[in-house]
1. Taking residue 304 as meeting all but one of (1) modelled with pLDDT under 85; (2) assigned to a helix (DSSP H, G or I), write down the number of the exception.
2. If you scan the stretch 16-45, which residues turn out to be without any contact (Cβ under 8 Å) to a residue 60 or more places away in the chain and farther than 16 Å from residue 266 by Cβ?
3. Out of 44, 28, which single residue is part of a loop (DSSP other than H, G, I, E, B), more than 19 Å from the chain's Cα centre (by Cα) and at pLDDT 90 or above?
4. Looking only at the stretch 54-91, how many residues end up being without any contact (Cβ under 8 Å) to a residue 24 or more places away in the chain and near the ligand (Cβ under 10 Å from one of its atoms)?
5. Looking only at the stretch 275-289, count every residue that is under 20 Å from residue 226 (Cβ atoms), touching a strand residue (DSSP E or B) at 6+ places or on another chain (Cβ under 9 Å) and in a helix (DSSP H, G or I) and tell me the total.
6. Can you go through 100, 95 and tell me which one is in contact with a strand residue (DSSP E or B) (Cβ under 7 Å, 6 or more places away or on another chain), under 30 Å from residue 312 (Cβ atoms) and part of a loop (DSSP other than H, G, I, E, B)?
7. For residues that are surrounded by fewer than 16 Cβ atoms within 10 Å (Cβ to Cβ) and under 24 Å from residue 149 (Cα atoms), scanning just the stretch 92-103, find the one that is farthest from the ligand (Cβ to nearest atom).
8. Quick test of your reading of the structure: residue 149 fulfils all but one of (1) under 20 Å from residue 16 (Cβ atoms); (2) in contact with a strand residue (DSSP E or B) (Cβ under 8 Å, 6 or more places away or on another chain); (3) assigned to a helix (DSSP H, G or I). Name the failing condition by number.
Ligand code: SF4
C-alpha cells in the first residue's frame, strides 16, 4: 500500500451521545475544534485530488434510491459494458497528466463476476504501472475476490454504508447493512485500504447523520478515506421524495464531525460539490475536508471542471497533496 501512514486507530469507542453533542455545538466552536484536529494530523493547506472513471455504467440491479445507475430509477441513463483495459489506461494517463495522484474506477454491479474481476485486476495493474494509486468500487466482494484484488496491487476499495443502520431500509431494499459491513471486513482482512462514507440529504434526520458517523467512527479501524456525498441524482426516487435540500451548514457540520471523530482519515468532499458555492466548499476545507474528486464527472454525476477547481485552490491558497 502506498498511502502515507496515518493514525487510523484513534478512538473507535465513540458513543452516539458524544457524536450528537458534537453536531449540536455552536457552529464557531465546532469549526474551531475540527480545524484544530485537522492541523494536528494534516497540513490544512493540502488537498488530495483523485479522478473517478465509470468503467461500467448503469444497469445495476440494486435499488439504491439515490443512484442514477440503478435499473429501479428511471433516469434514462444508457447502460454500457465493462470498458476495455486499454481504454481505461488511456484515461488514467490523461488524469495523471492533469495532476491526479489517484485513479478510481467504478462499476455498477451488485457484485463482480469472477471473469469481470480478472479484467478489473488487469486495469489495476496497468494504472499502478503508471505510478498512480488505485481505487475501485465494484459492489459486494467475497473474501476470495478481495484477496485477488490485493494480489493485483489494489490500494483502496470504496464501499459506502450510505446512512445510519436505522434509515438504511428506506433507501435500499436489495441488501442489508450487514452485507456492507461484511464486504468492508473482507477488504480490511485482505490488507486493502478502505474508502467508506455516506450520503446526506436523503431525507434522513440529524439523528441518522449521527448514526452514519457513529457507524464509521466505531469500525475497528477507521477507513483511510471517508467520502461524504450530498444527494444529487436527478430522476431518482430519493430526489423525488426529498424536495427540501439539506442546509449547506448541516453538510459542513457533518464534515466537521467526521474530521473530529476520525482524525487520521482523509475526509472527502464528494458528490454534490458542483452545486456548492465556493464559500460552502471553503467552509468544508476549514472543517477538515482534505480530499476531492477532480474531472468533469463523478461516475454519472456532473462535477466542477478542472479549471474552476484550480481557481478555487488559488483563491483559497490550497495546493494538491503530493502522492504520499
Ligand atoms: S449505488 Fe452502486 S450498488 Fe447502488 S444502484 Fe448504484 S451502482 Fe448499484
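1. (2)
2. Once the filter is applied, which keeps residues that are without any contact (Cβ under 8 Å) to a residue 60 or more places away in the chain and farther than 16 Å from residue 266 by Cβ, the stretch 16-45 yields 17, 18, 21, 24, 25, 26, 28, 29, 32, 36.
3. Values: 28 fails: part of a loop (DSSP other than H, G, I, E, B).
Every option except 44 fails the conditions.
4. So the answer is 1.
5. Going through the stretch 275-289 one residue at a time, the tally reaches 3.
6. None of the others qualify; the one that does is 100.
7. In this case the residue turns out to be 93.
8. Failing condition for residue 149: (1).
The values are calculated or read from the model by the stated rules, or taken from the named source; none is laboratory data. As the structure is a prediction and not an experimental result, all values here were calculated from the model. FYI the Cβ positions are ideal-geometry reconstructions off the backbone, even for glycines, and counts take in every protein chain you see.
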